[in-house]
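Quick note: the coordinates plus some simple rules give every number you see, no bench work behind them. Values in this document were obtained by computation on a predicted structure and should not be read as measured data. Glycine gets a Cβ as well: all are built from the backbone with ideal geometry, and neighbour counts include every protein chain shown.
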Amino acid sequence: MTQNGDGHTWPLRFSASLISREGEMSCKSCQSENQRSLNGEIAIHFPGIKGLEKPIVECFPKLLVCLNCGFTEFAVPEAELRRLAESDAAGA
């Protein structure tokens, strides 16, 4: 895990070839360094007709958005990840 300037912890997954001179990661899609950390609001739905029977899981993650191509990364917070796993297991 690594922590960015605003205190958010991101999973430590990167390739050495994607690190810029300043130590920041480049976009995984277009390799641009023009990225910004933003706040997000996401409603996660399960797919298909059966997914309509499951509750929507809302989360408010930090987003890392490439301002060049739009590629976005985020991690689902632990509490919401547990809710997704519980809801998925209940439907299995």
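Overview of values
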quantity: Qualifying residue in segment 50-60 (condition: loosely packed, with under 14 Cβ neighbours inside 10 Å, in contact with a His (Cβ under 9 Å, 6 or more places away or on another chain) and either part of a loop (DSSP other than H, G, I, E, B) or in contact (Cβ under 8 Å) with a residue 24 or more places away in the chain (or both)); calculated: yes
quantity: Enumeration of residues in segment 24-41 that are without any contact (Cβ under 8 Å) to a residue 24 or more places away in the chain and exposed (fewer than 12 other Cβ atoms within 10 Å of the Cβ); calculated: GLU41
quantity: Scope segment 73-86; condition surrounded by 15 or more Cβ atoms within 10 Å (Cβ to Cβ) and within 10 Å of the chain's Cα centre (by Cα); matching residues; calculated: GLU73, PHE74, ALA75, VAL76
